[in-house]
C-alpha cells in the first residue's frame, strides 16, 4: 500500500497538474485552429477581393458589350446606307455610260455630217474658184476687146478723115476739120 499512495500521489499530483496546465497537444490544436481561422479569413478576404475584381471586370465587359452592340448597330446602318449609295452610284454610272455611248454615236454622226459638209464646201469652193477664174478671164477678154474696139474706132476715124480728105480733094472742096466722124454704135457684151 505504501506504493499505492505514491502512485496515488503521483496520480493525484498529476491530475492537479493537468487541471492547472494545458497540455502541449491542446496548444498545438488551438494554434492550428487559429492558423486555420486566419487562413480562412485571409482566403475569405482574397475571395472577396477576387469577387470585387471580377464584378468590376463584369461591369466593364457589360459596358463594352453595350458599346460594341451600339457600334455593330451603327455599322449595320452604315453598311445599309453604303449599299444604297453604291446601288445609286452604280445606276448613275450605268446611266452616264449609256449617255456617253449615245453622245459618242451622236459625235460620230456629226463627224460624218461635218465631213460631208466640208467635202461639199470644198467642191463648191473649187467650183467658185474655177468660176472666178473664168469670170476673171472673161473680164480680161472683155477689156481686151474694148481696147481693140477703141483702137479700131481710132483707126476708122483716121481712115474716115483720110477718106474725107481724099473725097474733098477729088471734089475740090476743102476738108471739114471741124466735123467729127460719125461714131460707130457701141458693141454690147454679155
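Only the coordinates and a few stated rules stand behind these numbers; no lab work does. The shown structure was predicted, so the numbers you read here are calculated from the model rather than taken from an experiment.
Calculated on the alpha-carbon coordinates, the convex hull of the stretch 61-136 measures out at 87 cubic angstrom per residue.
For the stretch 102-163, the share of alpha carbon pairs falling in successive 5 Å distance bins from zero is 5, 14, 10, 9, 9, 8, 7, 7, 6, 6, 4, 4, 3, 3, 2, 2, 1, 0 percent.
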